[in-house]
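Presented below is the structure to which this report refers.
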Amino acid sequence: EELLVEAGGNLAQPGGSLRHSCAAPGSSFSSIDMSWVRQAPGKGLEWVSGNNSGGMTTYYAGSVKGRFTISRDNAKGRLYLQMDSLKTQDTAVYYCTTAMGIYWGQGTQVIVVS
């Protein structure tokens, strides 16, 4: 069974950085568009970023543009989210997902506190 497995840091201060990864076993990763979404407690899902299967085209929500960077390594089956200049408003559970929502990572809590 092909699963998405997330890993990365959980805690940061405002202005700090975290890097999350998403591992996708299987040979089909290189042909699948991917996204990162997040959800704060009691709130709905918020789309954060996405890239096409080749990684050449990237998209960002206005709230994170200029601070977050999405990238991928298709040879390793890995998707990444580099989070810089973190704000308290970035506190949420972060998920990687295929663009059509077929597969999801388990979610990783990010807490940004001064």
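The values are calculated or read from the model by the stated rules, or taken from the named source; none is laboratory data. Values in this document were obtained by computation on a predicted structure and should not be read as measured data. As a convention, Cβ positions derive from the backbone with ideal geometry for all residues, glycine included, and neighbour counts pool all protein chains shown. Side chains are part of the model used for accessible areas, which takes the heavy atoms of the whole protein and leaves out ligands, DNA and RNA. Shrake-Rupley method; radii C 1.70, N 1.55, O 1.52, S 1.80 Å.
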Item to complete: Report whether or not V48 is in a loop (DSSP other than H, G, I, E, B), modelled with pLDDT of 95 or more, closer than 21 Å to G15 by Cα and β-branched (V, I, T).
Response: no
Discussion item. Based on this model, can you work out whether A7 counts as touching a residue at least 24 places away in the same chain (Cβ under 8 Å), closer than 22 Å to D84 by Cβ, touching a helix residue (DSSP H, G or I) at 6+ places or on another chain (Cβ under 9 Å) and open to solvent by less than 70 Å² (accessible area, probe 1.4 Å)?
Written reply: no
Discussion item. Return the residues of the stretch 56-76 that are crowded, with 17+ Cβ neighbours inside 10 Å and part of a loop (DSSP other than H, G, I, E, B); say none if nothing qualifies.
Written reply: V64
Discussion item. On the basis of being at pLDDT below 95, among the aliphatic types (A, V, I, L, M) and surrounded by 13 or more Cβ atoms within 10 Å (Cβ to Cβ), does A92 make the cut?
Written reply: no
Worksheet entry | Residues (part of a strand (DSSP E or B) and of a type in the set (S, T, N, Q)) located in the stretch 3-36 | S21, S35
Fill in: Every residue from the stretch 77-89 that is part of a strand (DSSP E or B) and open to solvent by less than 10 Å² (accessible area, probe 1.4 Å)
L79, L81, M83
Discussion item. For the stretch 1-44: of the residues being of a type in the set (D, E) and touching a Phe, Trp or Tyr at 6+ places or on another chain (Cβ under 9 Å), which is farthest from T108 (Cα to Cα)?
Written reply: E2
Worksheet, complete the sentence: Among residues of the stretch 95-114 being surrounded by 15 or more Cβ atoms within 10 Å (Cβ to Cβ) and hydroxyl-bearing (S, T, Y), the residue farthest from D33 (Cα to Cα) is T108
Worksheet item: Are any of the residues in the stretch 20-28 under 15 Å from the mean Cα position of the chain (by Cα), within 19 Å of V112 (Cβ to Cβ) and open to solvent by 40 Å² or more (accessible area, probe 1.4 Å)?
Response: no
Worksheet item: Of the numbered conditions (1) over 20 Å from L3 (Cα atoms); (2) of a type outside the set (V, I, T); (3) in contact with a strand residue (DSSP E or B) (Cβ under 7 Å, 6 or more places away or on another chain), K43 satisfies every one except a single condition; which is it?
Response: (3)
